[in-house]
1. Can you pull out the residues in region 89-110 that are under 39 Å from the mean Cα position of the chain (by Cα) and hydroxyl-bearing (Ser, Thr, Tyr)?
2. Do the conditions hold for residue 137, that is, is it in a helix (DSSP H, G or I), loosely packed, with under 10 Cβ neighbours inside 10 Å, without any contact (Cβ under 8 Å) to a residue 24 or more places away in the chain and basic (Lys, Arg)?
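Nothing in this text is a laboratory measurement; each read-out follows from the coordinates by a stated rule. Bear in mind that the values here come from a model prediction, so they are computed numbers and not experimental data. All Cβ positions, glycine included, derive from the backbone under ideal geometry; neighbour counts span all protein chains shown.
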Amino acid sequence: MNAPIRKFAAVLAVFVAAAGLTACASSFDTEADLSSPLAPHIQTLVDANRGYPRWEDFPKSLQPAPEPAMLAARVGALSAAGGSLAEEAARIEWTLTGDPTAFAADVQARVDAVEVAPVTQQTQSEIEEFVRRTRERGTAPPPVDRR
C-alpha cells in the first residue's frame with residue numbers, strides 16, 4: 001500500500017525539481033539590456049573574448065622540454081626503487097611468531113633507551129597540582145556588595 005505513495009512522491013519531487021531548474025534557467029539568459037549606456041561596450045568586450053585561447057597564445061617555456069631518453073631513465077630508476085621497496089616490505093615479518101612477553105620486553109627496552117623531555121617526566125600528582133592552580137587562577141572574584 002505504501003509503494004504507490006512513494007512512487008507518487010518520487011514523481012512529484014522530480015517534477016518540482018524540473019520546474020525549479022526551468023525557473024532558474026531564465027536567469028542565465030545572455031541577452032543584454034540594450035537601454036543601458038554600457039551595453040555596447042560590454043557587448044564589444046564579450047565578442048572580442050568569445051573564442052578560446054590557442055596554444056600559440058600561451059607563453060613559451062624558458063626551460064627546454066626533457067628528452068625522451070632522460071624521461072625513460074627517470075621512469076626506470078623510479079620503477080627500480082619501487083621494486084626494491086616492495087622487496088624490503090616482503091622481507092618484513094608482519095606477524096608475531098615469537099614469545100609476546102619477550103617482544104613486549106624488547107619494545108619496552110627500546111622505549112626506555114630514548115631520552116624523554118622533562119615535561120613528560122612529571123608525575124600524576126604534579127600534573128594535578130598544576131591543574132588545581134590553573135583552576136584557582138581561572139575562578140571569578142566574589143561579587144561586589146552593592147548595598
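1. 95, 97
2. Working: in a helix (DSSP H, G or I): yes; loosely packed, with under 10 Cβ neighbours inside 10 Å: yes; without any contact (Cβ under 8 Å) to a residue 24 or more places away in the chain: yes; basic (Lys, Arg): yes.
Spelling it out, residue 137 is indeed in a helix (DSSP H, G or I), loosely packed, with under 10 Cβ neighbours inside 10 Å, without any contact (Cβ under 8 Å) to a residue 24 or more places away in the chain and basic (Lys, Arg).
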